[in-house]
1. Straight-line reach from Lys154: which aspartates and glutamates fall under 15 Å, measuring Cα to Cα and dropping same-chain residues less than 8 apart?
2. So which trypsin sites (Lys or Arg not before Pro) in segment 69-170 end up in coil per DSSP with only 11 or fewer other C-beta atoms within 10 Å?
3. Using the 4.7 Å Cβ rule, please list in number order the cysteines from the chain without any candidate partner.
4. Using log10 I(q)/I(0) by the Debye sum over Cα atoms at q = 0.08, 0.13, 0.15, 0.18 Å⁻¹ as the read-out, say which of [x] -0.25, -0.69, -0.91, -1.25; [y] -0.23, -0.60, -0.79, -1.10; [z] -0.33, -0.70, -0.86, -1.09 was calculated from these coordinates.
5. Output the pairs from Lys31/Lys83; Lys79/Lys99; Lys31/Lys147 with a Cα-Cα distance over 26 Å in this structure; if there are none, say none.
6. Stick to Cα atoms and the Kirkwood definition of Rh, then tell me Rg/Rh for segment 77-170.
7. Can you give the net charge of the other residues whose Cβ lies under 12 Å from the Cβ of Ile36, counting K and R as +1 and D and E as -1?
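Any read-out appearing in this document is the output of simple, stated calculations on the displayed coordinates, not a laboratory observation. Predicted, not measured: the structure shown is a model, and the values here were computed from it. Virtual Cβ from ideal backbone geometry, glycine too; neighbours counted across all protein chains shown.
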Amino acid sequence: MMNDNTNIKIGFVNINGIQSKVDRIKEVMEKENIKIMCVVETWLEKGDNAGIRPLVVDIRKPRREGMTRGHGGIIVLTKPGLKVKIVETDVNQNWVIIKVSDFYICCCYFSPTTDEMLVRQFLRKMERRVDNNDQLIICGDFNSRMKHITGDSKLCPRGRWMEDCLVTSN
């Protein structure tokens, strides 16, 4: 049982389909001593077996009509023995919050077609957590182009809103 949660290494990857990359994830977790790995865009569908354990979270989105593969999806993997609690899962399957020791990790994926209102609601919810003095790590793919903050060549409406949110937040 792991009792020392002061040095927990967290990894994040947008995997763009996990089926052929499971061994690589395991290898990176082992080599880098990553205790929590947040993975988005798994493209797993109901009935798919990724063959990866221990899974703390496994969110799968149904295939959209006319698509030839799955889309979205979030998994969170941990090293055996790490005590992790699922705090909240989004009803739209865009994010999950877990608690490890005295801090929270939110893993999210917002596709380019996700309604902007859902992204804004999510960020407001995260702001409230910070306002409550929760220690919070947010990792994910927002599909937002933030030219001024990241040096990206473009700025999209979601990116503009997120830039404003980040600049005005403490």
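1. Correct list for Lys154: Glu163.
2. For trypsin sites (Lys or Arg not before Pro) across segment 69-170 that sit outside H, G, I, E and B with at most 11 neighbouring Cβ atoms in 10 Å, the list reads Arg69, Lys154.
3. Cys106, Cys108, Cys139, Cys156, Cys165, each lacking another Cys Cβ under 4.7 Å.
4. Calculated log10 I(q)/I(0) by the Debye sum over Cα atoms at q = 0.08, 0.13, 0.15, 0.18 Å⁻¹: the matching label is [x].
5. Lys31/Lys147, as the Cα separations exceed 26 Å there.
6. Ratio of gyration radius to Kirkwood radius: 0.99.
7. Neighbour charge sum, excluding Ile36 itself: +4.
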